[in-house]
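Heads up, the thing below is written out as structure tokens.
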Amino acid sequence: MALSLSLTRTLSMKIERETKSPFEMAKQSSVHNGIYVHLFMQDIRIYLIHPSPGGLEDNRLQVQPYTDRRVQQVLMLFSEPMRLSRNIGELRPRDLSGVLAAFIGRVGCDLALSGESFWEIGKRRVGDSGPDSLSTLLWITGEVTDKGNRIRQRYRREIDGRRSSCEVNLPASQACVFRLPQKLGTARDQRTRISTLQEVSKIVPPFVEEGWSRLKHEPAFRQKDYSRTQFRELGKAMKDWGWIGRSWTPEHVTEYYHFYRQAKFHKALAVLRDSIISDMNAVLKRLDVNCEIKLRDTFSVDQIDDVISQLEDGSISFGDAMDRVRS
Amino acid sequence: MFRNRLQILRLRLLETQWYWQLKRFWENLRFGLELRAVNFRAGISAHTSTIAAVWRLIRTSSSSTVPGAIFAIILALATKLPFGVEPETFVNILDEIKPESAAAYDSLLAVVLTAAGLFLTLYFSNFNTVIGRLYSEYPENVRRLLIDEPQNRAALLALTNFVVFTLVTLGCGAGLGIRAKSSLLAVVAGGTAIVPIFAFVARRTLFFFDPTHLAHTAIDSLAAASSEVTADRPLAFDARVQRHRANVAAAELDKLHALTRIAADKRNFRRDSLCALLTVVFSFLPEYQRRKRSIPTSSNWYRETVQHKDWYLAGITDLQVALNSAIGLMPDSVRDSDWLEKSLVGLLEQCFERTVLEQDWPVAYRILDISRLLFERLGAGCQLGIVTESFRSLRTSMEQHGFRSDKELSKEDQLDRLQAIAELNMLAKHILLSFFNELRALDPSSYMHRVRSLDWQTEDDVYSGDMPPFTLAQMEYLRDRLRFEIDVEGEIVSPEWYLSQLALQPIAEMLDTQLKELIGLGKSFYVDWPDKLTNAGLYRGAIMTTLDGLEYFHKLRFHASAIYERMEIVEQNRVMEALAGPKIEQNAVNAEIHALERQLHLNLAKLVQYFATDTYEEWDEVPDQLGHVVTALANAYFEGLMSNDVELCGDLFGRYIVGNVCVRESLGTKSSALQYPGDLVSVAEPTLELLALSGFTYLLSEYHQEPALWQSCVDFWRRLIGAPEFQGNFAAEIQLTDAAKRVHLLSGRSMLRNSWKQNFDTLIADLPSKLLDRGAAPIWIETEVTLHPSLCIRALTGGDLPFGVALFDPEDVFLDVFLADELELDRSNALRMSDVKELVRHQAEFEAQHGFVFELDEDIIDEN
């Protein structure tokens, strides 16, 4: 199945479903430092490629930790939680700005990512020299205040290791705000979720890890109890999303529950996907670009709901159900 | 928000070192408290250092004598109370001994003390003599049993406390001047009691010569240890407590093994003590099986053992590691939930091997008889894997030590050995029946009702004891996972159909594995083993085993069919086929059983020849046994005819004739006088059976349109008629059968022949038929003609005959179509309705007259 962006007029671009890993794709392309948008199945994932000291051959993705929680709402929009907390780490604000910048760049808005943050670009283009031909900015935030026709965001940035806070006040017509769909919880829920995920992302407590580094065994520590508690809290935190985590094994859940949560997770991704596409189409419309992004051959939320109902009835096998929701 | 912070705090708590250390401290504290109790009860502890030994001495002596001393002090001090506590009665009774008379008081105490001390000395002298003699003979764990024997210990404790009591009372009187009448009375009462106590302990010391009496002690400890690991006991889920109990139980089992070895080695113990010991030990199993339902399957009570991983079940990572590193697959670590049962079965195997080695056959079959309790419980507990292994071991013992030529054994020993083989055969059938008995008690509907009513959030609700034992692991599996769902989602998300399918899955798995075990047990024991018995010259044992095998498989097929019907609910609840787990495959099981029965019949046919050459006249029971064999062969041959199994019939018939003739000869020699009609019938029955089967061969070869069946039968008959020893005898034999048929007596064989006729009638009744209009016939206006390609079948079942084939005796059919011509018999006076050849000719004329042309009418067949 081809997943394509069907652009009707000037932006005729087709993105095939990628089967290679983002790392391999990054090696093949010239994007060695920046953002790579990887459309995998119906899940849009954003991978950050930062070359390690040894280069890409080192087979590691390096990112620096992110400490500002205010943009986490958007983080969740674009990345799978586990990838966020374990594989990739957390994103910086400028990385995040780059995500959307790159995205818009890919759809033809001529905004390239060149190492400097989106905020810097936006400031240069909007704040310093006024609206240019781009005429629309993407604004990324978790806490956006609508004030009449203007949008204000309190923002803490970090440039060259120095932290500073600032407030941006933009005309609403020049901003695009991506918000989490209501079905997937409120911003507060999302913050709670993120904080819980951060807490349960450790394999062992720090004191055990330190003990290991000193070849010291901690006899009192029970890995099984610890893991089970973590899995339970992770399950609770991601109940609305249905995310099943990467390490859930049959040791903790029934086979049915495993697939049920997977189906729910794909439903959440479908909701998210529809929300992103809808917001992006709104941006294109505001840009006066006569095109619309449509995803073909993907399962809609209603269709996934049907699959979940069939699972509940037992009229579809687990394998078939997963094949359908992942298609 | 507050809740969220609380949750985060809770998670952070898990990351602190002191949380885990506190948790461990609490667990250690509880374990320590529990372990003290264990030590006190089980009395096992190791003290190696001198200080520890001294401390142990002080602790033991003080704990055992303090009660007596305290009691004495209390009684003495009671006299000093302002109000009188000594009853007037005592005062009256002891009036003669005045407390003021110190000398009399103290003298009495001294005398009693001396007597008690004397008794103690005598006891220990006696004990030392007995123990000293036995000490070097017995292993350490048995010696331990002798010393720690609880009844002796209790009696000694009483004696010691009495001595201390008397001593303290004397001390109070002599040292402090406190002389209580009640103390004196207690001393007198105790002094009187020490005599029977001493007699009791002295008598029990003699029991030590036969240490098997002490099995009760070991069994009690074993039972106590097993009861402490059930889910309802405190710390039942603590791994260290479980391990400790398992170690205690293993030590007790070692003691039982040692006792059994002693009893099996000594001939004077073997006859009675060994059997008594085994009875006591095996009686423990039902109680343990009941307790096992309440022991968590992951408990350390079950020892860990390694199990080789099946390559087709191994994960891809394991396979890759094994292939790349050129090493084997790492074995899985599994819990052996049957270790205790295996140990008990080991006791039996050890005893049986020893007795067979000693050629003590009466004890051997008594042991097998006692082990029925053990095997029946194992069968009822669906632990047939252990049973199969054990049977293999018993059989090996028999092969290695018991397969001696009959000439080396006395006739009694030969019979006892045969009895032992019969006991083994019976055991397998008892196991089968106990297994199906247990299954019959299992009602899947009520089981499902119980599963639905389980409180999944309560840890030990699944151990309530009323769940089938083989479902326990699945219930634990579901409990852990459903609790997770409830924790995460607030409710059980897995739907009802899924839970039902998972809950019923163990039943399907159990049926699948256990039926395979039963079939495997039957195959190895009843199909393969008779070959070895035959090779060793034990023909009667082989025949007996094969006959029992037929009964075994018959029962297996019958009960399995009944159970399959009851277990339909399992298949009905199989909503999702893709879920892992075996299906209930009744047809496959039946086919396998049928194939094994066929093999047994062939084996039986081969064994008949040994009778023909053996000196069976020496044995009264042989003709009966051979009669059973021949009847079984006849029945198998008839079933082969019905199912048109040409190969089986060809293999069976010749040997059946040999067996039949042997039986006829053995009966002829005994009933030559033929004084009563019953004698005539019993002598004629083998020949009647042979003729009947030959007649059925003709009829069924016509029915199946299979000439090979008939041809094979005729060939055998011609060889038989041509044999010199039978020439001229058949005419007389046929006359004898005609005479016997006039005597209307029911016998087992005549009933069997009748059942064959009924089966054949049913077969014929199922044939389609057509009505022919005979026009102006005076009586029969219409005639029914059976639609079958054979003119003979049509002649016998339709045409002018209103009563169908039931009127024909198959032996007459055979005489008419074959034997009368071959032997040129005069059949004018025979008791028969009509000549078959004549009937066929008549039917052909009838059909020609009415223009009947045979064609198979599909519609008529469908209607039928």
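From the gyration tensor of the Cα coordinates in the stretch B:507-576, what semi-axes in whole Å does the equivalent ellipsoid have, largest first, with each one equal to sqrt(5λ)? Each step should come with its number before you reach the end.
Values: eigenvalues 232, 28, 5 Å².
Three semi-axes, in Å: 34, 12, 5.
May I ask you to list the trypsin sites (Lys or Arg not before Pro) in the stretch B:349-443 that are in a DSSP loop and have at most 16 other Cβ atoms within 10 Å of their Cβ?
Listed in order of number, the matching sites are B:Arg404.
Kirkwood Rh over Cα pairs of the stretch B:419-565 into Stokes-Einstein at 25 °C, 0.890 mPa s: D in µm²/s?
Value of D from the Cα-based Kirkwood radius: 137 µm²/s.
Could you order peptides B:277-285, B:565-573, B:121-129 by the average number of other Cβ atoms within 10 Å of their residues, highest first?
Values: B:277-285: 20.7, B:565-573: 15.1, B:121-129: 13.4.
Per-residue mean Cβ counts within 10 Å order the peptides as B:277-285, B:565-573, B:121-129.
Return one quarter of the surface area of the convex hull spanned by the alpha-carbon atoms of chain B, equal to its mean projected area, in nm².
Convex hull of Cα atoms, orientation-averaged projection: 63.1 nm².
Take the alpha carbon atoms of the stretch B:695-756, find their center, do the same for the stretch B:250-287, and report the distance between the two centers in whole angstrom.
57
On the first, second and third principal axes, largest extent first, how far apart are the outermost C-alpha atoms of the stretch B:215-374 in Å?
So the three principal-axis extents are 61, 42, 22 Å.
Over the C-alpha atoms of the stretch B:220-286, what are the Rg and the largest Cα-to-Cα span, Dmax, in Å?
When restricted to the Cα atoms of the stretch B:220-286, Rg and Dmax are 14.9, 46 Å.
Within the stretch B:148-230, which chymotrypsin sites (Phe, Trp or Tyr not before Pro) sit in a loop by DSSP and count at most 12 neighbouring Cβ atoms inside 10 Å?
Taking the stretch B:148-230 and a limit of 12 other Cβ atoms within 10 Å, the loop chymotrypsin sites (Phe, Trp or Tyr not before Pro) found are B:Phe209.
Rank the residues B:Cys172, B:Cys649 as a footprinting-exposure proxy: fewest other Cβ atoms within 10 Å of their Cβ go first.
B:Cys172, B:Cys649
Just want the ordering: B:Val306, A:Val253, from fewest to most Cβ atoms lying within 10 Å of their own Cβ.
Values: B:Val306 11, A:Val253 24.
Ranked by crowding around the Cβ, least crowded first: B:Val306, A:Val253.
Within 10 Å of each Cβ of A:224-236, how many other protein chain Cβ atoms are there on average?
3
Given a cut-off of under 8 Å on Cα pairs at least six residues apart, what relative contact order in percent is computed for chain B? If you can, show how the numbers build up before the last one.
Working: 867 pairs, mean separation 58.6, N = 864.
Reported relative contact order: 7 percent.
Per residue of B:477-487, what is the mean number of Cβ atoms on other protein chains within 10 angstrom of that residue's Cβ? Spell out each step's value before the answer.
Details: counts 3, 1, 0, 5, 9, 3, 2, 10, 8, 0, 7.
Per residue, the average neighbour count from other chains is 4.
Describe numerically, in nm with one decimal, the distance between label points set 7 Å from Cα along Cα→Cβ at B:Leu13 and at B:Asp220.
Here the answer is 4.6 nm between the modelled labels.
Could you list A:Met238, B:Met751 so that the one with the fewest beta carbons within 10 Å of its beta carbon is first and the one with the most is last? Intermediate values should be presented prior to the final figure.
On the way: A:Met238 22, B:Met751 10.
In increasing order of surrounding Cβ atoms, one gets B:Met751, A:Met238.
Provide Rg and Dmax in Å for the stretch B:140-208, with only Cα atoms included in the calculation.
Rg and Dmax of the stretch B:140-208, Cα atoms, are 15.7, 50 Å.
Over the residues of the stretch B:288-444, compute the C-alpha Rg and express it relative to 2.2 N^0.38 Å.
Rounded to two decimals, the normalised Rg is 1.36.
Could you pull out the GluC sites (Glu not before Pro) across the stretch B:343-446 that fall in loop regions by DSSP (anything but H, G, I, E, B) with no more than 15 other Cβ atoms inside 10 Å? Mind showing how you got there, number by number?
Numbers: sites: B:Glu349, B:Glu353, B:Glu358, B:Glu376, B:Glu389, B:Glu399, B:Glu408, B:Glu412, B:Glu423, B:Glu438; in loops: B:Glu358.
Loop-located and lightly packed - B:Glu358.
Based on the Cβ-Cβ distance of B:Arg153 and B:Ile486, what FRET efficiency does E = 1/(1 + (r/R0)^6) give at R0 = 60 Å, to the nearest 0.05?
0.70
Residues of A:251-262, mean number of Cβ from any other protein chain within 10 Å of their own Cβ, rounded to a whole number?
Partner Cβ neighbours, averaged per residue: 6.
Give me the base-10 log of I(q)/I(0) for the stretch B:726-769 at each q in 0.18, 0.27, 0.33 Å⁻¹, Debye formula, one uniform scatterer per Cα, rounded to two decimals.
Reported log10 I(q)/I(0), two decimals: -0.73, -0.91, -1.03.
Read the figures in this text as sums done on the coordinates, not as results from a lab. What you see is a predicted model, and the numbers here were worked out from it, not measured in a lab. For neighbour counting, all protein chains shown are included, and Cβ atoms are generated from backbone atoms with ideal geometry for every residue, glycine included.
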